[in-house]
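Beneath this line is the structure, given in structure tokens, with notes to follow.
Just so it is clear, none of the values below were taken in a lab; they were calculated from the coordinates. Only a predicted model underlies this, so the values are computations on that prediction, with no experimental measurement involved. Here the Cβ is made from the backbone with ideal geometry for all residues, glycine too, and neighbour counts use every protein chain on show.
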Ligand code: C2E
Ligand code: CA
Ligand code: CA
């Protein structure tokens, strides 16, 4: 071994023969030569050379591979150790230098020297860590970059096995494999999490290049270590987390993956992810290594300026590092929860949306304040994780939004039909398991259309929202509620054992019907309700809903503010109604309806004044179905239009036929309902029917009821006017029963009044009825109208009407409504009885 001793001033004090031989020194040079003279040109006297010497004199050892210059000016590479020697006082008195020749790579020639010199400069100024190891894999050189990155000086590294020191978690055979490659002269490359002095951690790319000696033997390895932490963290975390996202795992599972992955990279932390909701409340999302008993206690805690690390970080929108939970005031209210678990440091970072809104927090819990806490490696982990969490949470929000759009009513926020059905089904399952009863209730706002039309749609919407809010209150204690299209809602709630259904529904209705102010007006809210009970009315979700709906329709038919309970009769009635509706459609299409005709007779002469056409339906199985049944049915199922079309055509056809047959029938009256006047096509329809059968407008009378005056439909009065203008006579039917008002009468272009048959029925016994019939005749006559008495059944009635001066009457006393052949026979008997004028 070559060694030498230098005085602190750099003078070579002594050197053994080996040293003298190595550096080509003459014995005389010992005692005079300065250390700097051994250093290559450019290095000697340079600041770094000076600094090195001073550091030696200060007692710091140095070791490494260095270039030195022989006396003949040639360069040599030595593996050296400079060791300061101290006296008993501790002062450095001598510097010992031990050197070995670095055989391989021994530079030759000046060009080579330059190159090496430049290389050594590169080695120390580069940020990459560079390590040279010998054939036994022991470190003989590490550069300044290595020191900066891993904290170890060359002296500390000297003789260590680099890979074993840095890569702690990898299996030993990995190193063997790498060395096998190097021995063969093949470079090796690996990416590993490496740990430096004091535990600082990097993700490093390690490139090992073997250097072979002249005999082709592996002599050295030059390794370059690059910090790829940032890229790698992103790569690994993103890989796993994005995979989880792509597999559409629920948010919590995705975040669990993030935590687990982070803890694999940094076993010294426990990761925790919290969500912060719209109200600023915390909800744990993932913290796979913290006990559930801990995270569950954070649920619902409000963020604030003193709410642990996370609540405070979310509040401040900036990271919060608490290094001593036991004493930090931020943790005063929460430390009792976490200290028993052994954690004393918590570093929390807010997860922010692009627009700066806080979505949640990402935190590391540590057991003690050590070198890891908030280290660069952890910072990089946190950066990567908060990005990922934001991504996952924003995606969750988007999903939530889609769910809301798909399952919630946008106006009220209540579940829509499809979600409601699922929820009711779930409710029934639970009820079955618990042996509970469930009330399923349809709620419908009375006169909503009117409110909407008169106060405007915005007010209508506000009303629906208010009702939705009230409905939500009904099910706060349990149950579900939803909105159906329009103004219908459904509420379903389990009953407690002592709940009495009538009382409960009454309470609900009272709650819903509290008056409210809308657009500055007090609105008296009225709702109709239909109730079906589980299990007695039905057990399946669909039939319960259907039956509650049937009960509602029945209730609505009874007027506003009614409650209907489902009953089996209701079900039967509904089924019948559906069957009947179907039959009526068929009858209209296949000519299953007929018209019967009832004569109107001039009282003075007994002559026929006209016929009233009345619809008849003879059902093949159900028999005769009265108009009082099928007319409202046609009205409900939108068949009034087709009915009127058929009626007009049939009445005209029959009249024309009779005239061709020589029967003297002055006119035919048909009954139209208010809804027929909604259609502006009615006048044309009438004209076409007349024309088709070669009739004139005066041959037809259209009977309408007072209801038409209450009808708010825009085209009604217009249609009436047009019919009148066409020359068709109009007759006011059932006069005296409804909203009779003389001013209305004046507004309508009618030519006939029909005294309702209820007055006629009372004529014999009620003086007021007599007075009224006389008055109505007076009014009608004064307005220039023909007044017809309806429903005359007896001779006495006939006598009174005649005495009062009624011009025309109609009723069983004269003739019942008759089918055409029967009417023809009746005409024949009349012709015989009444002398032709
Ligand atoms: P309405 O227009 O008041 O028709 C007169 C009703 O009184 C008819 O009952 C008729 O049979 C009945 N009637 C006639 N004379 C007497 C009598 O002396 N005593 C009694 N008690 N009743 C008598 P119907 O045919 O059952 O019709 C009932 C209602 O059905 C009609 O009342 C009318 O409003 C409606 N209706 C009938 N056919 C049609 C139609 O083709 N179109 C429309 N829109 N409604 C019709
Ligand atoms: Ca009539
Ligand atoms: Ca009538």
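For the chain, the share of alpha carbon pairs falling in successive 10 Å distance bins from zero is 2, 9, 12, 11, 11, 9, 7, 6, 7, 7, 6, 4, 4, 3, 2, 1, 0, 0 percent.
Can you tell me the FRET efficiency between residue 573 and residue 715 if r is taken as the Cβ-Cβ distance and R0 is 30 Å, rounded to the nearest 0.05? Given R0 = 30 Å and the Cβ-Cβ separation, E is 0.35.
Per residue, the convex hull around the alpha carbon atoms of region 577-658 comes to 108 Å³. Residue separation of residue 318 and residue 453 scaled by 0.36 nm, minus their Cα-Cα distance, works out to 43.4 nm of gained length. Listed by Cβ neighbour count within 10 Å, with the fewest neighbours leading, 571, 454 appear as 454, 571. Quick one: in region 398-447, what % of C-alpha pairs are over 15 Å apart? Of all Cα-Cα pairs in region 398-447, 60 percent lie more than 15 Å apart.
Label sites at residue 341 and residue 299, each approximated as a point 7 angstrom past Cα along Cα to Cβ, lie 1.5 nm apart.
In units of the compact-protein estimate 2.2 N^0.38 Å, region 182-279 shows a Cα radius of gyration of 1.58. Annotation: region 535-574 has a Kirkwood hydrodynamic radius of 10.3 angstrom, from the mean reciprocal C-alpha pair distance.
Each DSSP beta bridge with both residues in the chain is either parallel or antiparallel, and the antiparallel ones are about 85%. Considering all C-alpha pairs of region 496-648, those separated by over 25 Å amount to 54%. Report note on the peptides 496-509, 255-268: ranked by the mean count of other C-beta atoms within 10 Å, highest first, their order is 255-268, 496-509. FRET efficiency for the residue 184 to residue 155 pair, using the beta carbon distance and R₀ = 30 Å, is estimated at 0.40. The average projected area of region 491-560, computed from the convex hull of its Cα atoms over all directions, is 5.8 nm². Relative to the current alpha-carbon distance between residue 725 and residue 215, full extension at 0.36 nm per residue lengthens the span by 171.1 nm.
Measuring nothing but how far apart in sequence close Cα pairs (under 8 Å, 6+ apart) lie, relative to its length, region 592-830 scores a relative contact order of 20 percent.
Please give the Cα centre distance for region 229-306 versus region 722-793, rounded to the nearest Å. After rounding, the separation between the Cα centres reads 83 Å. Look at the alpha carbon pairs under 8 Å that are at least 6 residues apart: their mean separation over the length of region 205-364 gives a relative contact order of 16 percent. Calculated on the alpha-carbon coordinates, the convex hull of region 523-604 measures out at 204 cubic angstrom per residue. Taking only the Cα atoms of region 231-404, the ratio Rg/Rh comes out at 0.94, with Rh defined as the Kirkwood radius. You can think of it this way: the chain between residue 657 and residue 781 has 41.3 nm of extra reach, that is 0.36 nm per residue less the Cα-Cα gap.
Per residue, the convex hull spanned by the Cα atoms of region 408-566 measures out at 97 cubic angstrom. Between region 557-573 and region 611-636, what's the alpha-carbon centroid distance in Å? With region 557-573 and region 611-636 each reduced to a Cα centre, they are spaced 23 Å.
Here the relative contact order of the chain, from alpha carbon pairs under 8 Å that lie six or more residues apart, stands at 5 percent. Spin-label model, residue 582/residue 247: points 7 Å from Cα along the beta carbon direction are separated by 5.1 nm. In this simple spin-label approximation, residue 410 and residue 461 carry label points 7 Å from Cα along the Cα→Cβ vector, and these lie 0.9 nm apart.
Fewest neighbouring Cβ atoms within 10 Å first, the residues 80, 475, 601 line up as 475, 80, 601. Put the Cα centre of region 433-494 next to the Cα centre of region 643-719 and the gap is 43 Å. Per the Debye calculation on region 300-362 with a single equal scatterer at every Cα and no solvent contribution, log₁₀ I(q)/I(0) for q = 0.20, 0.21 Å⁻¹ amounts to -0.69, -0.75.
Taking the three principal axes of the alpha carbon atoms in region 324-429, the coordinate ranges are 57, 32, 23 Å, sorted in descending order.
Considering helices alone, the calculated mean residue ellipticity of the chain at 222 nm is -13000 deg cm²/dmol, with DSSP H runs of length four and up weighted by -39500 (n - 2.57) and normalised per residue.
Overall shape of region 25-81 was characterised from the C-alpha gyration tensor. The equivalent ellipsoid obtained from it has semi-axes of 19, 14, 12 Å, in decreasing order.
Here the Kirkwood formula, the inverse mean of 1/r across different C-alpha pairs, assigns region 2-101 a hydrodynamic radius of 13.4 Å.
Taking Cα atoms only, the orientation of helix 47-57 departs from the longest principal axis of the chain by about 70 degrees. Size estimate for region 722-837 follows the Kirkwood approach: the inverse of mean 1/r over distinct Cα pairs works out to 15.5 Å.
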